[in-house]
Amino acid sequence: MQVLFVEDDPMNRRVVRDMLSVAGAAMEEAEDAEIGLRMIEQGAFNIILMDLRMPGMDGLTAIRHLRQRTDDKANLPVIVVTADTAADLRSQCLASGADDVLQKPVAMNSLFDSIGRMLAKASEEGAMLL
């Protein structure tokens, strides 16, 4: 499984990379949303993890850009990973096209549960994750 984590904080990327390595998943990193969108264009990922608050383009805008694509990558599962605690955060993320929302600090079981739900949903829908 190939994961892209779009996150500006190197320590957060390291923690999630270490968690994913336990499950044998490979993770690529983008330090901002613009780089993340370019990496999606050029690479093959199964899951996108997206921070919300980054310099330049924010995560919700990046998700909307992804969802506007006209190819299969528009349907990549996106899990928001954020420290934001706004009351309407989950509904904002889902309205922008996110599939799930996890709060920082991310617990390993929460991360794996969310990824498992995304993979199960893709399987039920007969979709092939890239």
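If you check ASP100 against the conditions, is it under 17 Å from ILE63 (Cβ atoms), modelled with pLDDT of 95 or more and acidic (Asp, Glu)?
It is true that ASP100 is under 17 Å from ILE63 (Cβ atoms), modelled with pLDDT of 95 or more and acidic (Asp, Glu).
When only residues in segment 66-84 that are under 13 Å from the mean Cα position of the chain (by Cα) and in a helix (DSSP H, G or I) count, which is nearest to GLU124 (Cα to Cα)? Break it down stepwise before answering.
So in segment 66-84, the residues under 13 Å from the mean Cα position of the chain (by Cα) come out as 66-67, 73-82.
Right, trim to in a helix (DSSP H, G or I) and you get 66-67, 73-75.
Values: LEU66: 22, ARG67: 20, LYS73: 18, ALA74: 18, ASN75: 14 Å.
Filtering first and then ranking leaves ASN75.
Take the residues in segment 1-25 that are in a loop (DSSP other than H, G, I, E, B) and not aliphatic (A, V, I, L, M), then tell me which one is nearest to LEU49 (Cα to Cα).
The extreme case among them is GLU7.
Which residue pairs have Cβ atoms under 6 Å apart, sit 6 or more places apart or on different chains, and have a first residue in segment 100-112 that is touching a residue at least 60 places away in the same chain (Cβ under 8 Å) and a second that is part of a helix (DSSP H, G or I)?
MET108/MET19; LEU111/MET19
Based on this model, can you work out whether ALA87 counts as of a type in the set (A, V, I, L, M), more than 17 Å from PHE5 (Cα to Cα) and assigned to a loop (DSSP other than H, G, I, E, B)?
On the way: of a type in the set (A, V, I, L, M): yes; more than 17 Å from PHE5 (Cα to Cα): yes; assigned to a loop (DSSP other than H, G, I, E, B): yes.
In short, yes.
Could you grab me the full set of residues in segment 11-25 that are of a type in the set (A, V, I, L, M, F, W, C) and either over 15 Å from VAL81 (Cβ atoms) or touching a residue at least 12 places away in the same chain (Cβ under 8 Å) (or both)?
Hits for segment 11-25 are VAL15, VAL16, MET19, LEU20, VAL22, ALA23, ALA25.
Step by step: first the residues of segment 26-65, then only those that are part of a helix (DSSP H, G or I) and among the basic types (Lys, Arg), then the one that is farthest from ALA83 (Cα to Cα). Which residue is that?
By that ranking, first place goes to ARG38.
The values are calculated or read from the model by the stated rules, or taken from the named source; none is laboratory data. Keep in mind it's a predicted model, so treat the numbers as computed, not measured. Because the Cβ atoms are built from the backbone with ideal geometry, glycine has one as well, and the counts that use them run over all protein chains shown.
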